[in-house]
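*Asks:* Before anything else, here's the structure in question.
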Amino acid sequence: MSKSVIEITPEVAASHGLKADEFQRVVEILGRNPNLVELGIFGAMWSEHCSYKSSKKWLKRLPTSAPWVICGPGENAGVIDIGDGQAVVFKMESHNHPSFIEPYQGAATGVGGIMRDVFTMGARPIANLNALRFGEPAHPKTRMLVAGVVHGIGGYGNCVGVPTIGGETTFHKSYNGNILVNAMTVGLARADRIFYSAAAGIGNPVVYVGSKTGRDGIHGAVMASAEFDDKSEEKRPTVQVGDPFTEKLLIEACLELMESDAIIAIQDMGAAGLTSSSFEMASKGGVGIELDLDLVPCREARMTAYEIMLSESQERMLMILKPGREDVARQVFEKWELDFAVIGRVTDTGRMILKKDGQVAADLPVAPLAEKAPMYDRPVQMTPKPAPLGDVPAAGDIADCLLKLLASPDLSKKDWVWRQYDHMVMADTVIRPGGDASMVRVHGTRKALAVTTDCTPRYCFADPEEGGAQAVAETWRNITATGAKPLAITDCMNFGNPERPEIMGQFAGCIEGMRKACLALDYPVVSGNVSLYNETNGQGVQPTPSIGGVGLIDDWAKAVQIAPKADGEVLVLIGETKGHLGQSLYLRELLGREDGPPPPVDLSAERRNGDFVRAEILAGRVKACHDVSDGGIAVAVAEMCLAAGRGAEAGLPGGLGHAVAFGEDQGRYILSIAAGEAAALLDRAAKSGVPAARLGQVGGDRLTFQGARAISLHDLRRAHESWLPNYMAG
Amino acid sequence: MDAAVIVFPGSNCDRDIKVALAQSMGKEPHMVWHRDADFPKVDLIVLPGGFSYGDYLRCGAMAAHSPAMREVVARAGKGTRVLAICNGFQIATEAGLLPGALMRNAHLQYVCSDVNLRIETNQTEFMAKYRPGQVVRIPVGHADGNYQADEATLDRLEGEGLVALRYCDPNGTISSAANPNGAARNIAGVYNDERNVLGLMPHPERLSDAALGGTDGRLMIDSLVEALS
């Protein structure tokens, strides 16, 4: 049966993800029934993934500007100014649904896609990060998913030759049916050579470069905009297949051509492939585009217009060139052995006209497709504030509790993961993974970028607003802990089904908390991505607004890491300790409870404490610094000891209580400083209104909290390092 | 001294070794595209790390047939020094410059980590600045670094002092625990018979700068620069 004779009914529209009223709107825009190609294009463009139809109203509330922001949300990635004519381009994006269905290729193509978003703008990718959320370790699929995702991220990023230097790997049962794979890329560009996507210049050539188009990934954007059910694995053919070798060639070819003035506009073909790239370029430029699909390089014979337009084959780009520059561009791409084809031209008709076999296969108005896209103000039911936490019994001896926490899935050392990622290629990694933020030099300069991803989903689930603020604040804190100044963030919003009011309530709450934190910390959002429908059979994931933060330090030699440098150094705790156990890992891992409110984030204290810590680091007075987060003071001190291979003796403020040891109060750091500096530092803190207290001293080969049993470094290390490799070997 | 770095499609450590060479040489090496067999006369040729041709087919197999590689093999035969790092080592074995082969790591995973290496001999132009038996720390980053050859070849390499480096623990002890990839006899690098070609899995260019955490790799490059200047 020829596809052209399929009758377009509301049922066929529904199979393209269009609801009845949305289909009605299509018919109104066209003044006729769409054909199948046109329907496929509407379905992709109006999918949640491409249109942000449920989230846009809320995303608008986020602060997006600052004097150092060159380009905020709306382009392929955000751009910030780092001085000296240099810019940093970065974004985080989800690849959740495909990674669950086919973990290796899902994760690999997630990495490939986000790198293209960054080099499309003229930036050389210099760092990758990944925020990963898996189901509970006991779930039968978890081990296979961890192995496949990590292998896929490494398989792609290692080959392309961009260091993977940070991220998170955590586990919770809410992700049993929907893992989260959020990939972030940071790139470096010349501030005066940023490339955008708006098509311009009537008659200019539209050029296709990169890989050939195949039948893979058709409907990927629609798949990523629906809930899962028990048959989700049948969607495997919608997952794309990555080719990192071609991506590497594409990076080099694009950056080489960008050295010339041939390119007017450029856009990668991501979700919804040629459809979304061509529509976005035309829409942003306010022009029309005419494409001859017979000229598109295809991997397989007899591909239809429908397949060509909706394929999500990877490693492809669309460019508008200046007239007469085709040959210059062709030479570059032929050198790199990549396909190059002029497939159309820019027109003044305001229409997207697609031709195939000499016939018009689709004829759509560009502006209405974007402007009249459905926008939903979905019902919102805000999350009720959690009940106060009742009494919490001690879960055992402090030393035993600490060992158990260090061996818990979320706190266990993740070197099993990052040893599989090349984190040293490009020879600029000055802080490797495993500490707070990681750091790469700005090649050939003294400057360096601190980068991190953070989110504490259990906080967001209990209280979305506090959790949203906390996620932003934790990235700010992790960057500050290296001595760098946090500049801006990218967000990757992972939530359940937005058609459920309580999910929209989580979304709205997280946005509100993020907004407050961004404003208080002068820390705008410059790019982001929304992934909804992370839900299986009505069970949603914990709300997970993954935040990727980028900071700058003017001299990498001033940066500090978490390992104290010498015995005798004094540990100083910065920030106020109240012993907040609500939603703590102590509660969850040792008492099996997930209740109470999350720790509140006092944003003015956050800023005051962080600014103090950063100034001390930049003045050269700090030997090591670690933020206090999951697991509280006890875990933070243990991590510092393990990083240094040195013991410590520490008291706890207010005595040996579990709440003090393991509470997760926010806005805190532990500094390691030379003994002679301690009194003066405490004095400066007091003058700045920053709570600070001497915690203890580095030395020996045991960690001892006064009054508790001493733990040898050997036992600490075994607890911290065994869980993940043992689990994966199981 | 002049040096050339051969750049294959998919090389990704070419810039890193260029920076390290420039630091030791005081001038930049020639960057030679793999299709260019007619590159300037140089004292040292480097085959850099990366994933030439995506490691498709077999690591290094396609790059070994590049026009530039035919020239590299010819010049190596006339005594030009060749430093073949990681993917470069794989290419060199595929091109017949070095004996043996690099197999998939025994644990089947990519491994990126600092490793300890024992300098088996310093009586070569590549290693003169190290002490014999010195333990150095240099990173590896590979999925296919498991060096294998038949027993007779391994015996010959050992007997003739052609094993350049072995994976060891921090005290210099050769143990399976210190072997990151399952390589036969913990071999991390080997010379050709004339000792003008060195292939090794570790990346000296990744620890040639104190900012990156160490300079043990720089001594290898400095040794070459001193010998060839």
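The values are calculated or read from the model by the stated rules, or taken from the named source; none is laboratory data. Computed from a predicted structure; not experimentally measured. Quick reminder, even Gly has a Cβ in these numbers, built from the backbone with ideal geometry, and neighbours come from all protein chains shown.
*Asks:* Looking for something assigned to a helix (DSSP H, G or I), closer than 14 Å to A:ALA199 by Cα and more than 14 Å from chain B (Cβ to nearest Cβ) - is there at least one such residue anywhere in region A:285-302?
*Replies:* yes
*Asks:* Only residues that are outside any loop (DSSP other than H, G, I, E, B) and within 14 Å of A:GLU474 (Cα to Cα): list them for region A:589-603, please.
*Replies:* Residue satisfying the conditions is A:LEU603 alone.
*Asks:* Could you run through region A:336-346 and say how many residues are surrounded by 15 or more Cβ atoms within 10 Å (Cβ to Cβ) and either in contact with a His (Cβ under 9 Å, 6 or more places away or on another chain) or part of a loop (DSSP other than H, G, I, E, B) (or both)?
*Replies:* Counting residues in region A:336-346 that are surrounded by 15 or more Cβ atoms within 10 Å (Cβ to Cβ) and either in contact with a His (Cβ under 9 Å, 6 or more places away or on another chain) or part of a loop (DSSP other than H, G, I, E, B) (or both) gives 2.
*Asks:* Are any residues in region B:23-65 hydrophobic (A, V, I, L, M, F, W, C), within 14 Å of another protein chain (Cβ to nearest Cβ), surrounded by fewer than 22 Cβ atoms within 10 Å (Cβ to Cβ) and assigned to a loop (DSSP other than H, G, I, E, B), and if so, which ones?
*Replies:* B:LEU57, B:ALA61, B:MET62 - these are the residues of region B:23-65 that are hydrophobic (A, V, I, L, M, F, W, C), within 14 Å of another protein chain (Cβ to nearest Cβ), surrounded by fewer than 22 Cβ atoms within 10 Å (Cβ to Cβ) and assigned to a loop (DSSP other than H, G, I, E, B).
*Asks:* For region A:446-467, does any single residue satisfy the condition of being of a type in the set (D, E, K, R) and within 14 Å of chain B (Cβ to nearest Cβ)?
*Replies:* yes
*Asks:* Quick check, is A:LEU406 modelled with pLDDT of 95 or more and either more than 30 Å from B:ILE17 (Cβ to Cβ) or touching a Cys at 6+ places or on another chain (Cβ under 7 Å) (or both)?
*Replies:* Judged against the criteria, A:LEU406 is a match.
*Asks:* While we're on this one: Working carefully through the options A:ALA108, A:ALA131, find the one that is modelled with pLDDT of 95 or more, buried (at least 24 other Cβ atoms within 10 Å of the Cβ) and either more than 14 Å from chain B (Cβ to nearest Cβ) or in contact with a strand residue (DSSP E or B) (Cβ under 6 Å, 6 or more places away or on another chain) (or both).
*Replies:* Details: A:ALA108 fails: either more than 14 Å from chain B (Cβ to nearest Cβ) or in contact with a strand residue (DSSP E or B) (Cβ under 6 Å, 6 or more places away or on another chain) (or both).
The conditions single out A:ALA131.
*Asks:* Does A:LYS565 qualify as being touching a helix residue (DSSP H, G or I) at 6+ places or on another chain (Cβ under 6 Å), surrounded by fewer than 21 Cβ atoms within 10 Å (Cβ to Cβ) and modelled with pLDDT of 95 or more?
*Replies:* no
*Asks:* Let me ask you something else. Has region A:60-75 got any residue that is of a type in the set (D, E, K, R), at negative phi, modelled with pLDDT under 95 and part of a strand (DSSP E or B)?
*Replies:* yes
*Asks:* What residue, of A:GLU312, A:GLU259, A:GLU280, is more than 14 Å from chain B (Cβ to nearest Cβ) and over 25 Å from A:ALA362 (Cα atoms)?
*Replies:* On the way: A:GLU312 fails: over 25 Å from A:ALA362 (Cα atoms); A:GLU280 fails: over 25 Å from A:ALA362 (Cα atoms).
A:GLU259 is the lone residue from the list that is more than 14 Å from chain B (Cβ to nearest Cβ) and over 25 Å from A:ALA362 (Cα atoms).
*Asks:* Would you tally the residues in region A:347-370 being in a loop (DSSP other than H, G, I, E, B) and closer than 21 Å to A:PRO205 by Cβ?
*Replies:* 4
*Asks:* Please determine whether any residue of region A:668-686 is assigned to a loop (DSSP other than H, G, I, E, B) and either over 18 Å from A:GLY483 (Cα atoms) or under 29 Å from the mean Cα position of the chain (by Cα) (or both). Working first, answer last.
*Replies:* Let us first name the residues in region A:668-686 that are assigned to a loop (DSSP other than H, G, I, E, B), namely A:668, A:674.
In the following step, the residues that additionally are either over 18 Å from A:GLY483 (Cα atoms) or under 29 Å from the mean Cα position of the chain (by Cα) (or both) were identified as A:668.
Scanning region A:668-686 turns up at least one residue that is assigned to a loop (DSSP other than H, G, I, E, B) and either over 18 Å from A:GLY483 (Cα atoms) or under 29 Å from the mean Cα position of the chain (by Cα) (or both).
*Asks:* Next question, about the same structure. List the number of the failed condition for A:GLY166; all other conditions in (1) crowded, with 24+ Cβ neighbours inside 10 Å; (2) part of a strand (DSSP E or B); (3) more than 14 Å from every other protein chain (Cβ to nearest Cβ) hold.
*Replies:* (3)
*Asks:* Considering only residues of region B:122-166 that are within 14 Å of chain A (Cβ to nearest Cβ) and charged (D, E, K, R), which is farthest from B:SER52 (Cα to Cα)? If you could, list the steps in order and put the result at the bottom.
*Replies:* Of all residues in region B:122-166, those within 14 Å of chain A (Cβ to nearest Cβ) come to B:137-145.
The next check asks that each one be charged (D, E, K, R); those that pass are B:137, B:144.
Details: B:ARG137: 26, B:ASP144: 13 Å.
Restricting to residues being within 14 Å of chain A (Cβ to nearest Cβ) and charged (D, E, K, R), the top hit is B:ARG137.
*Asks:* Shifting gears a bit: Inside region B:198-229, can you point out the residues that are among the hydroxyl-bearing types (Ser, Thr, Tyr) and either away from every other protein chain (no Cβ under 14 Å) or part of a helix (DSSP H, G or I) (or both)?
*Replies:* Residues satisfying the conditions are B:SER223, B:SER229.
*Asks:* Quick check: anything in region A:150-163 out of contact with any Ser or Thr (no Cβ under 6 Å at 6 or more places or on another chain), among the hydrophobic types (A, V, I, L, M, F, W, C) and away from chain B (no Cβ under 14 Å)?
*Replies:* Taking every residue of region A:150-163 in turn, none turns out to be out of contact with any Ser or Thr (no Cβ under 6 Å at 6 or more places or on another chain), among the hydrophobic types (A, V, I, L, M, F, W, C) and away from chain B (no Cβ under 14 Å).
*Asks:* Does at least one position in region A:691-706 carry a residue that is of a type in the set (D, E, K, R) and more than 18 Å from A:LEU405 (Cα to Cα)?
*Replies:* Yes, because at least one residue in region A:691-706 is of a type in the set (D, E, K, R) and more than 18 Å from A:LEU405 (Cα to Cα).
*Asks:* Which number in (1) closer than 20 Å to A:ASP243 by Cα; (2) in a strand (DSSP E or B); (3) not hydrophobic (A, V, I, L, M, F, W, C) marks the one condition that A:ARG133 misses?
*Replies:* It fails just one condition, (1).
*Asks:* Considering every residue within region A:537-549, establish whether at least one is assigned to a strand (DSSP E or B), modelled with pLDDT under 95 and over 16 Å from the mean Cα position of the chain (by Cα).
*Replies:* Initial filter on region A:537-549 (assigned to a strand (DSSP E or B)): A:539-540, A:544-549.
Among the residues that remain, those that are also modelled with pLDDT under 95 are: A:539-540.
This time we only want the ones that are over 16 Å from the mean Cα position of the chain (by Cα), so: A:539-540.
Yes - at least one qualifying residue is present in region A:537-549.
*Asks:* While we're here: So which residues in region B:1-22 are β-branched (Val, Ile, Thr), in contact (Cβ under 8 Å) with a residue 60 or more places away in the chain and more than 11 Å from chain A (Cβ to nearest Cβ), if there are any at all? First the steps, then the outcome.
*Replies:* Filtering region B:1-22 for residues β-branched (Val, Ile, Thr) gives B:5-7, B:17, B:19.
Checking the rest, the ones that are also in contact (Cβ under 8 Å) with a residue 60 or more places away in the chain come to B:6, B:17, B:19.
B:ILE6 - this is the single residue of region B:1-22 that is β-branched (Val, Ile, Thr), in contact (Cβ under 8 Å) with a residue 60 or more places away in the chain and more than 11 Å from chain A (Cβ to nearest Cβ).
*Asks:* List every residue pair whose Cβ atoms lie under 7 Å apart, where the two residues are 6 or more positions apart in sequence or sit on different chains, the first residue falls within region A:408-433 and is facing chain B (nearest Cβ under 7 Å), and the second residue, located anywhere, is among the aromatic types (Phe, Trp, Tyr).
*Replies:* Listed by first residue and then by second, the contacts come to A:GLN420/B:TYR110; A:VAL430/A:TRP556.
*Asks:* Now for a different question. (1) under 24 Å from A:LEU618 (Cβ atoms); (2) in a helix (DSSP H, G or I); (3) touching a helix residue (DSSP H, G or I) at 6+ places or on another chain (Cβ under 7 Å): which one isn't true of A:GLY689, the others all being true?
*Replies:* (2)
*Asks:* From the set of residues in region B:169-197 that are touching a Lys or Arg at 6+ places or on another chain (Cβ under 8 Å) and surrounded by 24 or more Cβ atoms within 10 Å (Cβ to Cβ), which is nearest to the other protein chains (Cβ to nearest Cβ)?
*Replies:* Step by step, filter region B:169-197, then rank; the result is B:ALA188.
*Asks:* Of the residues A:ALA373, A:ALA361, A:ALA395, which is away from chain B (no Cβ under 14 Å), closer than 24 Å to A:LEU656 by Cβ and touching a residue at least 40 places away in the same chain (Cβ under 8 Å)?
*Replies:* On the way: A:ALA373 fails: closer than 24 Å to A:LEU656 by Cβ; A:ALA361 fails: closer than 24 Å to A:LEU656 by Cβ.
Checking each option against the conditions leaves just A:ALA395.
*Asks:* Tell me which residues, restricted to region A:433-447, are more than 20 Å from A:LYS91 (Cβ to Cβ) and either in contact with a Lys or Arg (Cβ under 6 Å, 6 or more places away or on another chain) or of a type in the set (Gly, Ala, Ser) (or both).
*Replies:* A:GLY434, A:GLY435, A:GLY444
*Asks:* Sticking with this one: Taking the condition of being in contact with a strand residue (DSSP E or B) (Cβ under 9 Å, 6 or more places away or on another chain), within 14 Å of chain A (Cβ to nearest Cβ), without any contact (Cβ under 8 Å) to a residue 60 or more places away in the chain and in a loop (DSSP other than H, G, I, E, B), how many residues in region B:98-121 meet it?
*Replies:* Final tally of qualifying residues: 2.
*Asks:* (1) over 25 Å from A:ASP348 (Cβ atoms); (2) at pLDDT 80 or above; (3) away from chain B (no Cβ under 14 Å): which one isn't true of A:THR246, the others all being true?
*Replies:* Checking A:THR246 against (1) over 25 Å from A:ASP348 (Cβ atoms); (2) at pLDDT 80 or above; (3) away from chain B (no Cβ under 14 Å), the one that fails is (3).
*Asks:* If I ask for residues that are surrounded by 24 or more Cβ atoms within 10 Å (Cβ to Cβ) and under 11 Å from A:LYS212 (Cβ atoms), which ones from region A:287-312 would you list?
*Replies:* A:ILE308, A:SER311
*Asks:* For region B:6-16, state whether one or more residues are under 22 Å from B:ASP209 (Cβ atoms) and either out of contact with any strand residue (DSSP E or B) (no Cβ under 6 Å at 6 or more places or on another chain) or aromatic (Phe, Trp, Tyr) (or both).
*Replies:* Among the residues of region B:6-16, at least one is under 22 Å from B:ASP209 (Cβ atoms) and either out of contact with any strand residue (DSSP E or B) (no Cβ under 6 Å at 6 or more places or on another chain) or aromatic (Phe, Trp, Tyr) (or both), which makes the answer yes.
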